[in-house]
Amino acid sequence: MDITLTPKKTDGVERRIEVSVSPKDVAALEAKATRRYASQARLPGFRPGKAPTPVVKKRFAEAIRQETIEAVVREAYQVVLEREQLKVVAQPHIHHLHWHDGSAMTFELHLEVRPEVPLDRLSGFRLTKPSAAVTDADVEAQLDRMRDQRATWSPRDGKADPGDMVTVDLAAAGDDGTIPEGKEYRLVIGEGQAIAGVEELVLETAPGQTTERPVKWPDDFPDEASRGKTKMVRVTVKDVKRKDAPALDDAFARSVGDFDTVEALRTTVRADLERHARQDAESSVRAALMEQVIAANPFDLPPSWVNDVVGRYLEAYQVPKEEAEKFAEEFRPVAERQVRRDVVIELIAERQQFVPKEADVDERVQQLATERGVPAGQLYASLQKAGRLPALEREIMEERVFTWLLSQNTVEQAQ
């Protein structure tokens, strides 16, 4: 193909190339499209495939033109890729296409190409790994949360205290000052389920009684129309309940799981907290290291890569169409960080030969199967069916990359 290329943008990850295809090549592809239509055309007065070319061109002018454009662009695009040695990462876009019968076809080709990521600096960073220590207070707090999860609510007499659950009829005056019929709500006092002024009103009201007085809405209330306004509020308290948590004893330990004593439960809770603390500390130091690596090795990102991530989150969070644009704008920095992180990890894995092989995945599945007490084949089939094997492969790769990266840098333990 006789084609002339004139680069318009040659830096970064975006390329703009003006393409001109010779009249001869365009005419040849136009003739090919015309012959295809002529061989299939059924026109009145002519046997199938026997209609004269001028008649076919006139009858199918727009379709032949469109097919010719598509054929020229498709072949020219392949020439551009080969001649310019481009690694394209997204569907190209065509702009400013011009073509008249007998002339050259010209258009501007907009492309996104794979970025150059030298990764010149991967060492020399200093990091502080958070402490993974677990205190006795941490253990007792977790035990209290477990007791709270198994607590029951019991009716009580008298006014509510913070932490109590109340059932109330609540109503606030409208713009005309009239208080409508109240609606029933169930609130836990002190958990922010109602504004402070309403909670104060509830605390002053005994079960079976009604209290009515003005309440000022907070200046930062979510509903802008109510911010800072004072409204007459009526509260009727129907009942008050108090949470009764089970005692922390051997009976509670047995109700939680396979623990004979509360000390056995306490030991397991500490071990779990320590394991999670180590995982959190490891995640924290990995994130800090990656931030420094990315900052020290800047590179351009193809917009399509970021858009793909934003699109997946839009779908995952089921963001309504009317909120999609705002969500995408706010989420874009997060998506960019994720893409940069993925690019860096994948490049290091390729250069250091950390990309897992099938045997590595099999070994990890065997390890997981042993931990869970299930046959390895059964677990493999389950992971494969759920589409989880690529994630497992990614996990192995990231572990190898971060183990190597951390070995190249200085990691200090927080005191």
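The values are calculated or read from the model by the stated rules, or taken from the named source; none is laboratory data. Since we're looking at a predicted model, the values are computed, not measured. Every residue, glycine among them, receives a Cβ derived from its backbone with ideal geometry; neighbour counts consider all protein chains shown. Side chains are part of the model used for accessible areas, which takes the heavy atoms of the whole protein and leaves out ligands, DNA and RNA. Shrake-Rupley method; radii C 1.70, N 1.55, O 1.52, S 1.80 Å.
The residues neighbouring GLN352, those whose beta-carbon lies less than 15 Å from its own, together hold a net charge of -2 under the Lys/Arg +1, Asp/Glu -1 convention. If Lys and Arg each add +1 and Asp and Glu each add -1, what is the summed charge of the other residues whose beta carbon sits under 10 Å from the beta carbon of VAL202? Summing Lys and Arg as +1 and Asp and Glu as -1 gives -3. The portion of the accessible surface of the chain made up by carbon and sulfur, rounded to a whole percent, is 47 (1.4 Å probe; DNA, RNA and ligands excluded).
Provide the percentage of antiparallel DSSP beta bridges, counting only those with both residues in the chain; round to the nearest 5.
On the way: 44 of 48 bridges.
Once the DSSP bridges in the chain are tallied, antiparallel ones form about 90 percent.
Calculated accessible area for the range 315-398 comes out at 70 Å² per residue, all protein chains present (probe 1.4 Å; ligands, DNA, RNA ignored). The residues of the range 1-160 present an accessible area of 63 Å² per residue when probed at 1.4 Å with all protein chains retained. Under the convention that each Lys and Arg Cβ holds +1 and each Asp and Glu Cβ holds -1, the size of the dipole of the chain around its Cα centre is about 2280 debye.
In terms of solvent-accessible area of protein heavy atoms at a 1.4 angstrom probe, what is the ranking of THR34, THR370, highest value first?
Most to least solvent-accessible, the answer reads THR370, THR34.
Under 14 Å from the Cβ of ILE396, count the other residues' Cβ atoms, weight Lys and Arg +1, Asp and Glu -1, and hand me the total. Result for the neighbourhood of ILE396: -4. Ordering VAL188, PRO162, VAL198 by Cα displacement along the dipole of the range 155-258 toward the positive end leaves VAL198 in first place; charges were set at the Cβ atoms of Lys, Arg (+1) and Asp, Glu (-1). For the range 51-66, putting each phi into the Karplus relation 6.51 cos²θ - 1.76 cosθ + 1.60 with θ = phi - 60° gives couplings of 5, x, 4, x, 5, 4, 4, 6, 5, 10, 3, 5, 5, 5, 4, 5 Hz, in residue order, rounded to whole numbers and with x for Gly and Pro. The mean sequence distance of close C-alpha pairs (under 8 Å, at least 6 residues apart), as a share of the length of the chain, puts its relative contact order at 16 percent. Angle between the Cα long axis of helix 23-40 and the longest principal axis of the chain, 0 to 90 degrees, nearest 10? The answer is roughly 80 degrees.
The angle separating the long axis of helix 262-296 from the principal Cα axis of greatest extent in the chain is about 40 degrees. The charge dipole of the range 233-366, taken about the Cα centre with unit charges on the Cβ atoms of Lys, Arg (+1) and Asp, Glu (-1), comes to about 640 debye, rounded to the nearest 20. Axis angle, to the nearest 10 degrees, between helix 376-385 and the longest C-alpha principal axis of the chain: 70 degrees.
Only one residue of ALA63, GLN338, VAL262 has its Cα farthest out toward the positive end of the dipole of the chain, where Lys and Arg carry +1 and Asp and Glu -1 on Cβ, and that residue is ALA63.
What you get for the range 1-135, charging only the Cβ of Lys and Arg (+1) and of Asp and Glu (-1), is a dipole of about 580 debye around the Cα centre.
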